[in-house]
1. What does the charge add up to near GLU376, with Lys and Arg as +1, Asp and Glu as -1, over the other residues with Cβ less than 12 Å from its Cβ?
2. Say each of GLU376 and ALA235 gets a label point 7 Å from the Cα, pointing the same way as Cα to Cβ; how far apart are those two points in nm?
3. Over the Cα atoms of segment 62-115, compute the convex hull volume and normalise it per residue, giving Å³.
4. At a 1.4 Å probe radius, which order do MET268, MET210 fall into by accessible area, largest first?
5. Give me the one-decimal nm value for the distance between modelled label points at GLU205 and GLN12, 7 Å along each residue's Cα-to-Cβ direction.
6. Which order do the peptides 4-14, 375-385 come out in when sorted by mean C-beta neighbours inside 10 angstrom, highest first?
7. Ignoring ligands, DNA and RNA, please state the percent of accessible area on segment 3-45 from carbon and sulfur, probe 1.4 Å.
8. What distance in nm separates the two pseudo spin-label positions at HIS438 and ARG278, each 7 Å out from Cα along the beta-carbon direction?
Amino acid sequence: MVPLWWVLVPGQTIVSGDQLIDRWYGRMAKPKPAKNACVPEIAGWSGMLGARAWVALKYEARVAELARGGGYRRRPLNEPDSWNGVSRLYADYADALARFSAEFAALVAAMRPDGLPNDDYDWVRELKNRVPRLVRHVMVSPVDGPHGDVIESPQTILCFFDTSKAQLPSYESIARRGYLAVLVDRLERLRDAENPNPETISVFEAAIAMHAAEYGDPEEPVRKATAEERELVHAVLTAEVDAQPSLRKNPLLGEAYKRATQTLLRRMMLGSRNIDGRALFSALRWARLDSMRVDQRTRAWEAHVADEHLPLRIVGGIAGDNAQIAAQLLLSRAHTELMAYAEPHAPGDSWEKSLALRLLSQGNAIAFAAFGGLAELVTAAWEDAAPEYGSRPPGACTYDAQTAARYVQSLLKLTAATAKPSPGPTIRRYARRLQQVHDEIAAQRAAMDGEERPS
């Protein structure tokens, strides 16, 4: 491995974990798994390896910390020696492990339900990318027959590399049954939808029955947490509270503690060892947001008038500083405009549009006051909704939180500007910006599709 291989401009050695992973994928030897299956696996294996004590001993503690991720994945850092260490870890282990687990997305692609309505094709196609992390979960879980404990030590990894071909048939069975579990989970959601599509449901039922007859009953996609795991999460969160006693005075601590517990247990069920007590602070922000939202709605209901407490600077930030109409009326009109907006790249409402609609609903616009800005809010929502780091929220049409933030911002600005009594020329400017984001999303999708064709 060439030191500083990730440097694009001589002398500029600063890089973030996300960028390193993306560039690593770009340099992986072909043939390689599709990008939208492999990049999350590189990130997933990086996090799991970084959490192992033997990695810190072999590559240094800082290397393990950067590999683990935490708060460093999106933050550019000028630490070339440590990034070289992370790269050695990838070359030694993460690359091969990610190749192995990511390939199962292509394996199950042929099991995709056949005969779906055109509007369902894109989101159903994405379901196969949930399988690699299920396989990874089996690989890192405690030993169950021939599987598990793959990364407990360098020796167990080398043993796996030596025997992976012999184990491939059993992992293929796990992947296929895991994909069936994904289809079953989605079928239940389809049945619970407000306006279920009988045709889509029928196609899913037929596909599940056909494949279950051949491959066996679906695997449980997520196991239940053990008592030991619950105790570990409790210990981690309690230590965070003990380290900052002022948290005990926060009236929202109880609710935030429950949310953080659910988040950390979900990560563990998906095979992650990155159990960070700082999840409590993100949970506190969301608890604060919900509390503000409820309080806002209560005051509006009691007054029976447009909510005067809604900060006008929020409206100004969305629709321009010269907004002269009542804040709530503008947001209500903007909500109606956005409801009617048909996205060119999503069958129905995308996750991003749904988030924008929630922000425009009565009382929800105060979300801006709970976060440092819209980009921070969307990023937090993305991380909360995504089933695992490196993956996307169900229904997302963008491929990363940064693009999602720009898309949500463009939707809000255009629809709020359209809702004004005298829209003016700002509409054309916002429409151009929204089209630029649409073009970016289309380019990302084309790139992902291009990566998938060889497999």
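1. On the way: positive: ARG74, ARG285; negative: GLU383.
So the surrounding residues net to +1.
2. In this crude label model, GLU376 to ALA235 measures out at 3.3 nm.
3. Cα-based convex hull of segment 62-115, divided per residue, equals 111 Å³.
4. Working: MET268 25, MET210 115 Å².
Sorted descending by solvent-accessible area, the residues read MET210, MET268.
5. My value for the distance between the label points is 5.7 nm.
6. Working: 4-14: 12.1, 375-385: 18.5.
Output ranking for 4-14, 375-385: 375-385, 4-14.
7. 59
8. Placing both labels 7 Å along Cα→Cβ, they lie 3.8 nm apart.
The values are calculated or read from the model by the stated rules, or taken from the named source; none is laboratory data. Small disclaimer: the values here were computed from a predicted structure and weren't measured. Cβ: placed from backbone, ideal geometry, glycine included. Neighbour counts: every protein chain shown. Accessible surface is based on the protein model in full, side chains and every heavy atom, while ligands, DNA and RNA are left aside. Shrake-Rupley method; radii C 1.70, N 1.55, O 1.52, S 1.80 Å.
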